[in-house]
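Student: Sharing a structure here in structure tokens format.
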């Protein structure tokens, strides 16, 4: 049964109005506040030492967390898709845990583990500082971005099956050759899509990172923490808008890349 034209137009209008009120209006307001004084004021705000250090730290965390999650995600996806072992359901639940647990809880848990009085707090006595430093921020980011590669690669592995891998093994290929020449080309679009999602999530993480960061400008302050610090602590509203616009620009680049990958994946 076809939906009447008036109903379809009404649903579309309602959806567009909802998206406009929820997304477009706040984004437009931020952009208007940011560029109301001209492009020069925006560039001056994002070229401060604190902003440059925050951008560099955010990119550094992404550069560390994403490759680690790619390696772990592919190995885990292979184990879940190809293996049959006791506790497989527990592993599935652990992979999805970051979707269910609040990032604040993740930060508190890391403090209890790696803080001065935590289980591994004795490492600080040997010069290894995890909490309120870069290692703690990286660990928090890795945890919250853990599921994306696994959840993008595992369905692809189920879809392609094991016939080609078995054929390669029969022809004398080693496990590494089979993975590199057969499995990896087959999962490349899912893997790349998971990487893009991981980058986007890592750039925008706030709750877990703020719990394990000292928040000092130029030391352990990411772009999201810079926005919070400028708006709440320094009462620098324009600086917060400028930093948020810079972060939003990075997110738009990631979104465009993700859309391009999605189109290529659908055509193939």
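Student: Based on alpha-carbon positions alone, could you give the equivalent ellipsoid semi-axes of region 209-262 from the gyration tensor, as √(5λ), descending, whole Å?
Tutor: For region 209-262, the ellipsoid semi-axes come out as 25, 14, 7 Å.
Student: Using the Kirkwood radius built from alpha carbon pairs, what does the Stokes-Einstein equation give as D for the chain at 25 °C and 0.890 mPa s, in µm² per second?
Tutor: In µm²/s, the coefficient is 115.
Student: Taking only DSSP H segments of four or more residues, each worth -39500 (n - 2.57), what value at 222 nm results for the chain once the sum is divided by all its residues, to the nearest 500 deg cm²/dmol?
Tutor: Counting only the DSSP helices, I get -23000 deg cm²/dmol.
Student: Using alpha-carbon pairs under 8 Å, 6+ residues apart, how would you state the relative contact order of the chain in percent?
Tutor: 28 percent
Student: Which peptide among 205-211, 67-73, 52-58, 171-177 comes first, and what is the full order, when sorted by highest mean count of other Cβ atoms within 10 Å?
Tutor: Final packing ranking: 205-211, 52-58, 67-73, 171-177.
Student: How long is region 1-96 along each principal axis, judged by its Cα atoms, biggest number first, in Å?
Tutor: Principal-axis extents of the Cα atoms in region 1-96, largest first: 60, 60, 16 Å.
Student: Obtain the radius of gyration and the Kirkwood radius of region 121-268 from its C-alpha atoms and give Rg over Rh.
Tutor: 1.13
Student: Next question. Quickly rank 212-223, 90-101 as a protection proxy: mean count of other C-beta atoms within 10 Å, highest first.
Tutor: Highest mean packing first, the order is 212-223, 90-101.
Student: Now, a different point. So, in nm, how far is label residue 235 from label residue 173 when the simple model puts each one 7 Å beyond its Cα toward the Cβ?
Tutor: 6.5 nm
Readers should treat all values here as calculations from the given coordinates under stated rules, not as data from a laboratory. Quick caveat, the model's predicted, so the values are computed rather than measured. All Cβ positions, glycine included, derive from the backbone under ideal geometry; neighbour counts span all protein chains shown.
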